[in-house]
Each structure stands twice: as structure tokens, then as C-alpha cells.
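Novice: I have a structure here, written as C-alpha cells, and I will follow up with some questions on it.
The values are calculated or read from the model by the stated rules, or taken from the named source; none is laboratory data. As the structure is a prediction and not an experimental result, all values here were calculated from the model. Methodologically, a virtual Cβ is constructed for each residue, glycine included, from the backbone with ideal geometry; neighbour enumeration extends over all protein chains shown. Please note that ligands, DNA and RNA were not included when accessible areas were found on the heavy atoms of the full protein model with its side chains. Shrake-Rupley method; radii C 1.70, N 1.55, O 1.52, S 1.80 Å.
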Amino acid sequence: GDSVTQMEGPVTLSEEAFLTINCTYTATGYPSLFWYVQYPGEGLQLLLKATKADDKGSNKGFEATYRKETTSFHLEKGSVQVSDSAVYFCALSVDQGGKLIFGQGTELSVKP
Amino acid sequence: GAVVSQHPSWVICKSGTSVKIECRSLDFQATTMFWYRQFPKQSLMLMATSNEGSKATYEQGVEKDKFLINHASLTLSTLTVTSAHPEDSSFYICSARDQGEGYTFGSGTRLTVV
């Protein structure tokens, strides 16, 4: 079945460090890929998305490229801030308007 | 952008009572909404897909008689946890597929059953 696998957390970084959170997927068809962020006690917010191979999603300094050959959608940011501390979820959707399938989430903690 | 409002944000109820959670799309029509459950430090588990004007589609292992979903209009879906027990305590999140933006999530409801 369709699934998403993320690198395990928690990830602890110092401010201004480089961030990579790995995400790989298994899916039938051609999924859309998403990264969501969840701040403590809140719901999820869309961070970025990509709908086809080689697309790059970007937002707030975060980037992720849809790599069909490696079935990956790794999240990167060149210089993290304390305010980036949150849980990050990679997700996919196979059908237009269909359900989202989430990875297990990766907790990021950025220290000053 | 698209906004989904979820209420209440937190609720405490006694064991055996029922609790209703509302999910509203404020500035768009949502023919389909999704209900998730999230355990501490874990991912979101899809419970059911709520379709306007028809019965919800439940995921395997989710008790439909316990988690009643109603999607009576294009902007409102409700989840009722019936005869709640402490093991139902969790964070419940709704989402809706919006127009072109992807999926918009509500801010979640923290349910505590005592």
C-alpha cells in the first residue's frame, strides 16, 4: 500500500545550522507530495508541496524537490531559527481530492 | 487563504457522555472533509472521510457507531464521540480539501475523558 517514511527524530540543531529531514515514499500512480508543520498544541499548516516529478516546493526558506527516481521529497533549509522548532510531517496524496497519508513526523528543536 | 475553523479547541468530559466537535470551512465549500486522530508524539491517523450529503467512509478499525460523523452542509462536518471513555482521550484534527491550495487543517481539539 501507499506509505511515507521519514527520518526519526528528535532532531536538535543550533540556530543557523543547515537542516535536512529525509522523506521517502511508496505509492501507486503519481502522488502529490506535501510537507506540513505542526507547532505545539496546534493543527497542521501546509509548508510546501509539489505535484509532479522534478517540481520544487519552497516556502519560508524551506525547500523540497520531488525526486521520482529516488521516490524522495527531502526537506531542507539553509539556516534554521529557533522559531522553526516544531514537528514536520511529510505526506502524499494519490488521488485528486483524496486522503492524505502521513509519515510519522520528525520533531525539530532549534537551540539559540 | 482557505480557513478551517474547529471547535472546541479543548474539552473535558465525563466517562460515558458524548462530545461533539465541529469543523467549518469559512471561506470555501468543502464537499469532502477528513477526520484524524493524533496520539502524543505520533503521526496523524485518518479516521474517516466525510462526504457532504452522504455517509462517511471509515478507515479499517475505526468504530463508526462510536465516532459519528455528519456532513450536513458544504461548510460543516461534525464528529461526535459517543459514550466516551478515557482511551478516547486524544487530539482530533479535521481537514478539508480546498480549491487549489491543498489540504487545510483545523487547529485541533484536545479531548480529555475523565
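Novice: What's the Cα-based Rg to Rh of segment A:46-105, Rh via Kirkwood?
Specialist: Using Cα coordinates only, the ratio equals 0.97.
Novice: With a 1.4 Å probe, what is the total accessible area buried between chains A and B, in Å² rounded to the nearest 100?
Specialist: 1500 Å²
Novice: Compute the distance from the alpha-carbon center of segment A:3-61 to that of segment B:1-76, in whole Å.
Specialist: Cα centroid to Cα centroid, the span is 24 Å.
Novice: Mind listing the phi-derived Karplus ³J(HN,Hα) values for segment A:103-112, rounded to whole Hz, using 6.51, -1.76 and 1.60 with θ = phi - 60°, and x for any glycine or proline?
Specialist: Couplings: x, 7, x, 10, 7, 10, 10, 10, 9, x Hz.
Novice: With N denoting the number of residues in chain A, provide Rg(C-alpha) divided by 2.2 N^0.38 Å, to two decimal places.
Specialist: 1.01
Novice: Rank these by accessible area, largest first, 1.4 Å probe: B:HIS7, A:HIS74.
Specialist: Per-residue accessible area, sorted high to low, gives B:HIS7, A:HIS74.
Novice: Could you tell me how many cubic angstrom of Cα convex hull volume segment A:10-75 has per residue?
Specialist: Spread over its residues, the Cα hull of segment A:10-75 gives 114 Å³ apiece.
Novice: May I pose another question? Taking the Cα centre of segment A:1-102 as origin, sum charge times position over the Cβ atoms of Lys and Arg (+1) and Asp and Glu (-1), and report the length of that vector in debye to the nearest 20.
Specialist: 260 debye
Novice: So for B:SER107, B:SER50, B:SER89, A:SER83, what's the accessible-area order with a 1.4 Å probe, most first?
Specialist: A:SER83, B:SER107, B:SER89, B:SER50
Novice: Something else: Under a GNM of chain A (C-alpha, springs under 10 Å), which listed residue has the highest mean-square fluctuation: A:GLY41, A:GLY61, A:GLY29?
Specialist: In this elastic network of chain A, the residue with the biggest mean-square fluctuation among A:GLY41, A:GLY61, A:GLY29 is A:GLY41.
Novice: Tell me, which residues of segment A:85-112 get at least 40 Å² less accessible area when the other protein chains come in, versus the chain alone (1.4 Å probe)?
Specialist: A:GLY97, A:LYS99, A:LEU100, A:PHE102
Novice: Could you list log10 I(q)/I(0) for segment B:1-100 at q = 0.24 Å⁻¹, which the Debye formula gives when each Cα is one point scatterer?
Specialist: For the requested q values the scattering log ratios are -1.38.
Novice: So what is the accessible area of the protein assembly as shown per residue, in Å², with the probe set to 1.4 Å?
Specialist: Computed with neighbouring chains in place, this is 48 Å² per residue.
Novice: From zero up to wherever the largest Cα-Cα distance of the protein assembly as shown sits, split into 10 Å bins and tell me the percent of pairs in each.
Specialist: Result returned by the calculation: 8, 33, 35, 20, 5, 0.
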